[in-house]
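The values are calculated or read from the model by the stated rules, or taken from the named source; none is laboratory data. Everything numeric here is computed off the predicted structure, so don't read it as measured data. Note that each Cβ is placed from the backbone with ideal geometry, even for glycine, and that neighbours are counted across all protein chains shown.
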Amino acid sequence: MKKTVRSLTCFVALLFIWSIVAFQPADLFAAKPAKMVKTNAAVQESMADKFPKLNAAYDVSKMGDVSDFDPATYVAPKGDTIKIGYINCFSGPGAINGQIHALPLMYAAHDINRRGGIMVDGKKKMIEVIIGDHQSKADVAKKVAERLVLQDKVHVLVGTSGSNLMKIISNVAEKYKVIAVNNGSLADDLMDATNFNRYTFMASPGTDQIGRGLAYYYGQIRKKEKKFYIICQDYSFGRAMAASFKQGLKDYYPEAQIVGEDYHKLFLTDFAPYLTKIGASGAEVVYTGDWVPDSVTLLKQMRQMGIKLPVANLFMNEPNGLIEVGVEGTKGLVHIDVYDMPYPFKHYPPFIKFYNTWVKQWKTWTTLPYKSSLFEIGATTSIALYGQTGYWLFSVIERAGSTDPEKIIKVWEGDTYRYANGSIVKMRACDHRSIQDFSVTEFVPPEQQKVSMTIPPYSWYKGCSFTGPAWLIPAGKILPYMDQQLDRCKGKSDWGE
């Protein structure tokens, strides 16, 4: 069993490598979750309050029959189709990343196809997802993107983990005038005055939103711990995650202190020197943007050294690694999620059908990495975001009634849409950045997880602490960075109005 868990962990160890592609005093989390009601001033800036009427939404009641979907054997329809070129790493050590991103997109396409496709240009057409492997190499990414456009005649390019590679895909899209969708890279500068082009839409959130979101939670919701220690990976993403958190503390928690700040090399095996400093710093919370395997190694070694501080994180939620650490070692992690909303089953009951359908189908998968715990609840985690942005794209194409990029741009700019879990998203018209609420969750033991897992089996995982109490981080408090040097955005508010 231990060997199996270790094998699964190896599969997920490179989960977020190219993306940018979790203690325990009893009263530590005494604050109650913020209620999503009109009387809460913060919620007045939530998406639901800001956009009571939406342009479109995923209708769970119309979901297609996906009972034959298996990511390991999926075959896309051919012929006169709506062609989506999906680019990521599908070979070498980073292959898992492509599999994670492509699965939910193919699932979404399969769902739509089982309903008969989409009406475009006067006829119903199926959606064909064509895979492109950029091997995490810049020169290959350019060749693959151009091949998909010029030879495969795709109507849309979608990608990718690795912001440098997404920039290349975006440039190809602009050159050949096809739509590009960024659903996997978080660099804010992809849509600034230097890099913006009107054919690219950034459906993924940015590092600025994530760091400020956690700072907002500690300064405006929790209002307790004041001493923070930052430890992140030493490259552009890690430093951006740290910078956004520090800026958030200035904005929302000026009395807070940064009592230590460190950056470490990737794939570090010995965190002891850093943990010694953390232990002596007087920190009350550790903040990290680390992804696996570093996030798992960091947590395991913290607990082994007796450091029980809560860890505020983005990627410390990979279940196989959490199970290795165990229930007590993962209790009290503070996770910000870029897709899941507080208590979706309770607040948006239609989502129950979508979730149960996903889990039922997951149980039929027999091929690694898809059969691992990582994918079991993929309908609620950030994995689902890659599929939901696909549904949003398909809805835009359907409402445009065409694969003509100009018609798609016209519909998508300023569009509002509801994902399957009830989360609302807007595409800001001037710089094509997505606006949405986030959630912050406290990880609790299995018997306490029913506060969020409000349907059978009333817990997410038995072998580790996982999502419990949750708080809404309203979009209005973490609106994505807008470059006022971009002519299209001059004079606009951060909402894009």
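Identify all residues within region 421-436 that are farther than 15 Å from Met482 by Cα and in contact with an Asp or Glu (Cβ under 9 Å, 6 or more places away or on another chain); write none if there are none.
Asn421, Ser423, Ile424, Val425
Across region 149-175, which residue is surrounded by the most Cβ atoms within 10 Å (Cβ to Cβ) among those that are of a type in the set (A, V, I, L, M) and over 16 Å from Ser204 (Cβ atoms)?
Across region 149-175, the extreme among qualifying residues is Val154.
When you look at Leu266, is it loosely packed, with under 15 Cβ neighbours inside 10 Å and touching a strand residue (DSSP E or B) at 6+ places or on another chain (Cβ under 6 Å), yes or no?
Yes.
Inside region 385-497, counting only strands (runs of 3 or more DSSP E) that do not spill past its ends, which hold 2 or more residues that are in contact with a helix residue (DSSP H, G or I) (Cβ under 7 Å, 6 or more places away or on another chain)?
Where strands (runs of 3 or more DSSP E) fall fully within region 385-497 and carry at least 2 residues being in contact with a helix residue (DSSP H, G or I) (Cβ under 7 Å, 6 or more places away or on another chain), they are 424-427, 434-436, 438-444, 466-473.
Name the residue that is nearest to Gly162 (Cα to Cα), counting only residues in region 223-244 that are outside any helix (DSSP H, G or I) and aromatic (Phe, Trp, Tyr).
Among those residues, the one meeting the criterion is Tyr235.
Among the residues in region 97-106, are any assigned by TED's automatic domain parsing to the domain that holds Gly390 and more than 23 Å from Ser372 (Cβ to Cβ)?
no
If you check Val181, Val172, which single one turns out to be part of a helix (DSSP H, G or I) and closer than 22 Å to Tyr386 by Cβ?
The conditions single out Val172.
So, of the residues in region 436-482 that are farther than 13 Å from Tyr217 by Cα and among the β-branched types (Val, Ile, Thr), which turns out to be surrounded by the most Cβ atoms within 10 Å (Cβ to Cβ)?
Taking the candidates together, the pick is Thr467.
For residues that are farther than 17 Å from Ile221 by Cβ and part of a loop (DSSP other than H, G, I, E, B), tally how many sit in region 247-277.
7
Filter region 184-222 down to the residues that are over 20 Å from Tyr419 (Cα atoms) and not in a helix (DSSP H, G or I) and list them by number.
Scanning region 184-222 gives Ala187, Asp192, Ala193, Thr194, Asn195, Phe196, Asn197, Arg198, Tyr199, Thr200.
Taking region 141-164 as the region of interest, how many residues are more than 19 Å from Pro405 (Cα to Cα) and either acidic (Asp, Glu) or at pLDDT 95 or above (or both)?
4
What are the residue pairs meeting all of these: first residue in region 385-402, first residue closer than 17 Å to Lys426 by Cβ, second residue assigned to a helix (DSSP H, G or I) and of a type in the set (A, V, I, L, M, F, W, C), Cβ atoms under 7 Å, and 6 or more apart or on different chains?
Listed by first residue and then by second, the contacts come to Tyr391/Ala108; Val396/Ile408; Val396/Val411; Val396/Trp412; Arg399/Val411.
Which ones in region 313-346 are within 19 Å of Arg212 (Cβ to Cβ) and not hydroxyl-bearing (Ser, Thr, Tyr)?
Within region 313-346, Asn313, Leu314, Phe315, Met316, Val334, His335, Ile336, Asp337, Val338, Asp340, Met341, Pro342 meet the criteria.
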